[in-house]
Amino acid sequence: MSIVILLIYSQASADAILFFFQSMKEIVEKYNICPNNVRKPEQPSLELQLESVKHDSLGKEIAETGQQLKQLKGEDIQDLTLKELVQLEKTLEKGLCRVLEKKGQKIMEEISGLQQKGAKLMEENALLKQQVMEMTKGKEQLALPKSVSIFHDDRQSSGSITSASNSGDTQDCDDSSDTSLKLGEIKTEQEKGK
């Protein structure tokens, strides 16, 4: 068994109290009930004091910024002096100039983007036109060799020429084709109307 000896000295009363205990729990209990042990309220730490000052400073800054924002909106300006009103006007003019400059920049960027899209669409349109032209030339060339071979055969009658052109592959000349072969001539629907 161990015995703990505790000496409590109070500087205020110049008293010394000697205790003999068998456990730490008893030591703490005796310390708490000792009449000379009057605890003084602790002063806030330096860090806590700095935080409090910082909190107050930020609170003031928020209030000032809120007031300035209201003034920029045209609210709470009745108590401003002429000098403060002139300063507010200059601030608003500078801000408006920056806003207009940024707006102009954004508009120019949009115009440039639209011009690039337009140029790209023009290129795609030209490419599509070229493809359509090649497709129509390809159909005419597919139909032309059959009719040319028919033209060189002078022994056939006009009826056999017409039937030969009509009995050709339906894949090469579909129903929407406006080219017809009559008596050795190729006529389109447009030429027929003339």
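Structural remarks
- When we screen GLU124, GLU101 for residues that are among the acidic types (Asp, Glu) and over 24 Å from the mean Cα position of the chain (by Cα), the only hit is GLU124.
- The residues of the range 65-106 that are assigned to a loop (DSSP other than H, G, I, E, B) and surrounded by fewer than 10 Cβ atoms within 10 Å (Cβ to Cβ), listed by number, are LYS73, GLY74, GLN78, ASP79, THR81.
- Take the conditions (1) at pLDDT 95 or above; (2) among the hydroxyl-bearing types (Ser, Thr, Tyr); (3) in a loop (DSSP other than H, G, I, E, B); SER112 misses just one of them, which is (3).
- LYS146 of a type in the set (Lys, Arg), assigned to a helix (DSSP H, G or I) and modelled with pLDDT of 65 or more: no
The values are calculated or read from the model by the stated rules, or taken from the named source; none is laboratory data. Because the structure is a prediction, the values reported are computed rather than measured. Here Cβ is always computed from backbone atoms with ideal geometry, including for glycine, and neighbour counts include all displayed protein chains.
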